[in-house]
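See structure below.
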Amino acid sequence: MSELVQSVYSGVLYGSVYGLMALGLTVIWGAMRLLNLAHGSLYLVGGYVAWTVVNQLSLPLEAAVPLAIAGAALTGLIMYGVFIRPLVGRPGWDSATLIATVGVGIAIEAAALLVYGPRVKDFPRIIDGSFIVENVLVTHHGLLVIGIAAVCLVGVNTYMRASRRGMAIRAVSQDVDAAKLMGIPIDVTFAIVIGLSAALAGLAGVLLSATFYLSPTSGFAPMILAVVVTILGGLGSIKGTIVAAYSIGVIESFVNVYAGPSWGLPVLFGTMIVVLTVRPNGLFGVGEARRL
């Protein structure tokens, strides 16, 4: 019984982590057809801003969280204004922006290494405490991560479908030229998408740094898993991201518990290959016809 409880709890926790990271990538791809490979570095910005606020400015963690989210969002907006916006719409802009985001990610990681050094930082949990269920340790921080991820996933999906700005983003994702003719400000819409995605990455950086670790390279692994989730769920599909994140999390957790941690990644990527063989656009991918 304890193995089942461990598998379910860890699976939901892993799924929440993957979903929180992948959501930002999904929103950007759905609206702009841009794969932001600086997403892991924006995760770092959130983590390091929160660490600085707590350890250097001696402010409470409750104040560090919104500052970390704002810092990541601001970094994302600067990245868009300086490196991405001048390239949008030009011939080959999709490849150029991909390279630009790689460069921004490398620059942010290098800056973090120079400023904070290579050592792993000790990051406090937002909520301390834990309890035992069937010999399985369940932490309050883990439950907080699950709760916040669920709120973000449902909230962003609702925002895209129920708000005027969300509908404008969906219109831009379907046809940029038609959206322009309808008076939708494309630059503003793209900036909102980038800022929202970066804010989600910054929030993930704060929550997950306390769960795992914080170092100049700690954003790479979450970003790779987020890319896997985004592709498996269907590029640009928020619903697909939600389903894929929790499916992958549960599968990986059950494999780790019953077969051993060494089988986790092979089974994960094997599952992705099988799914993409049957459905090349992912679980809920719709090709180029409709996004978000």
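The values are calculated or read from the model by the stated rules, or taken from the named source; none is laboratory data. Remember, predicted model here, so these are calculated numbers, not experimental data. Counting neighbours? That spans all protein chains shown, and the Cβs are built from the backbone with ideal geometry, glycine included. Heads up: the accessible areas ignore ligands, DNA and RNA and are worked out on the full protein's heavy atoms, side chains in. Shrake-Rupley method; radii C 1.70, N 1.55, O 1.52, S 1.80 Å.
From the residues VAL88, GLY155, VAL65, which one has its Cα farthest along the dipole of segment 28-180 in the positive direction, the dipole being from +1 and -1 charges on Cβ of Lys/Arg and Asp/Glu about the Cα centre?
Going by the charge dipole, the pick is VAL88.
Under a point-charge model restricted to the Cβ atoms of Lys and Arg (+1) and Asp and Glu (-1), what is the dipole moment magnitude of segment 1-120 relative to its Cα centre, in debye to the nearest 20?
340 debye
Solvent-accessible area per residue for segment 149-292 at a 1.4 Å probe radius, Å²?
45 Å²
What residue among VAL120, PHE220, SER10 has its Cα farthest toward the positive end of the dipole of the chain, where the charges are +1 on Lys, Arg and -1 on Asp, Glu, each on the Cβ?
So the residue furthest toward the plus end is PHE220.
In terms of solvent-accessible area of protein heavy atoms at a 1.4 angstrom probe, what is the ranking of SER41, SER2, highest value first?
SER2, SER41
Can you compute the modelled spin-label distance between SER95 and ARG33, with each label point 7 Å from Cα toward Cβ, in nm?
My value for the distance between the label points is 1.4 nm.
If packing is taken as the mean number of other Cβ atoms within 10 Å per residue, what is the order of 203-216, 45-58, highest first?
203-216, 45-58
If you roll a 1.4 Å probe over the chain with all protein chains in place, what percent of the accessible area is carbon or sulfur?
The computed percentage sits at 68.
Roughly speaking, what is the centre-to-centre gap between segment 151-178 and segment 49-117 when only Cα atoms are used, to the nearest Å?
23 Å
Which of rounded, prolate, oblate describes segment 146-237, given a ≥ b ≥ c as roots of the alpha-carbon gyration tensor eigenvalues and a/c under 1.5 marking rounded, otherwise prolate only if a/b is larger than b/c?
prolate
Rounded to the nearest 10 Å², what accessible area does ILE148 show when all protein chains are kept and the probe is 1.4 Å?
Here the accessible area works out near 40 Å².
How much accessible area per residue does segment 38-125 have, in Å², with a 1.4 Å probe?
52 Å²
Here are labelled values, (i) 14; (ii) 19; (iii) 42, and one is the computed percent of Cα pairs over 34 Å apart for what I pasted. Which one?
Of the listed options (i) 14; (ii) 19; (iii) 42, (ii) comes from this structure.
Could you tell me whether segment 92-170 comes out rounded, prolate or oblate from its Cα gyration tensor? Rule is a ≥ b ≥ c as square roots of the eigenvalues, rounded for a/c under 1.5, then prolate if a/b exceeds b/c, otherwise oblate.
oblate
Given the options GLY147, GLY15, GLY202, state which has the largest fluctuation in a GNM of the chain using a 10 Å cut-off (strictly under) for Cα springs.
GLY147
Going highest first, how would you order 158-167, 232-241, 248-257 by mean Cβ packing within 10 Å?
Averaged packing, sorted descending, gives the order 232-241, 248-257, 158-167.
Provide the packing ranking of 100-108, 179-187, i.e. peptides ordered by the mean count of other C-beta atoms within 10 Å per residue, highest first.
Output ranking for 100-108, 179-187: 100-108, 179-187.
With a ≥ b ≥ c taken as the square roots of the eigenvalues of the C-alpha gyration tensor of segment 181-292, please select rounded if a/c is under 1.5 and otherwise prolate if a/b is larger than b/c or oblate if it is not?
oblate
About the Cα centre, and with charges only on the beta carbon of Lys, Arg (+1) and Asp, Glu (-1), how big is the dipole of segment 99-220? Nearest 20 debye, please.
240 debye
Rolling a 1.4 angstrom probe over the protein chains, ignoring ligands and nucleic acids, what is the accessible area of GLU109 in square angstrom, nearest 10?
The value for GLU109 is about 60 Å².
Taking the Cα centre of the chain as the origin, how large is its charge dipole in debye, to the nearest 20, when only Lys and Arg (+1) and Asp and Glu (-1) carry charge on their Cβ atoms?
720 debye
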